[in-house]
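Comments concern the structure below.
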Amino acid sequence: MLVILLAVAAFVLLRRAGRDSRLRTGVMHSLAMLSEQQDAHRQQFGNFAVRIAPEPGPDAVTLTSDSNAVVTITHADSLGWAAMATNPGLIRPPRTCYIWGGGTAPHDPRLTRARGAQVLVSPSARR
């Protein structure tokens, strides 16, 4: 009987870990899509977008997330941009992922102090 209980507990824990992994991958994918949108926005308008909106414009990009990720642009200036994303369904840390682009260092001080978070670098920041 004990073996059955342990097997059930292990199954539940592994299933939750797999679910968190899928959600986290969706969050990172949303941030990667934002990076592509920011690069395209800068090419078109000459600046980085400061917000995500339903319609693109001189200060906004659109982002359609298929993973229920909540993405927020936390900083944008002439040198670069930073954003964070999470998913309400994430149970275990890290629950928040950060990304920045446009430069070689993050432009948002929260990125250098974020503990227990995944920090991604936009491909444009690696150039």
What residue, among those in segment 46-61 that are of a type in the set (Val, Ile, Thr) and in a strand (DSSP E or B), is surrounded by the fewest Cβ atoms within 10 Å (Cβ to Cβ)? ILE52
From the list GLY18, GLY57, GLY26, which one is at pLDDT below 85 and over 17 Å from GLY102 (Cβ atoms)? GLY18
Can you spot a residue in segment 89-97 that is at negative phi, buried (at least 22 other Cβ atoms within 10 Å of the Cβ) and hydrophobic (A, V, I, L, M, F, W, C)? yes
Say we look at segment 27-45 and pick out the residues that are under 13 Å from the mean Cα position of the chain (by Cα) and under 14 Å from GLY80 (Cβ atoms); which of these is surrounded by the fewest Cβ atoms within 10 Å (Cβ to Cβ)? SER35
State whether one or more residues within segment 99-109 are modelled with pLDDT under 85 and either on the phi > 0 side of the Ramachandran plot or in a helix (DSSP H, G or I) (or both). yes
Quick check: is even one residue across segment 24-45 at negative phi and in a loop (DSSP other than H, G, I, E, B)? no
Could you count how many residues in segment 62-81 are more than 12 Å from SER30 (Cβ to Cβ), hydroxyl-bearing (Ser, Thr, Tyr) and assigned to a loop (DSSP other than H, G, I, E, B)? 2
Would it be correct to say that SER35 is touching a helix residue (DSSP H, G or I) at 6+ places or on another chain (Cβ under 8 Å) and modelled with pLDDT under 85? no
Could you tell me whether any residue of segment 68-88 is among the β-branched types (Val, Ile, Thr), over 15 Å from the mean Cα position of the chain (by Cα) and at pLDDT 85 or above? no
Hits in segment 82-98 (condition: assigned to a loop (DSSP other than H, G, I, E, B) and either touching a strand residue (DSSP E or B) at 6+ places or on another chain (Cβ under 8 Å) or of a type outside the set (D, E, K, R) (or both)): ASN87, PRO88, GLY89, LEU90, ILE91, PRO93, PRO94, ARG95
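The values are calculated or read from the model by the stated rules, or taken from the named source; none is laboratory data. As the structure is a computational prediction, the values presented were derived from the model and not from experiment. As a convention, Cβ positions derive from the backbone with ideal geometry for all residues, glycine included, and neighbour counts pool all protein chains shown.
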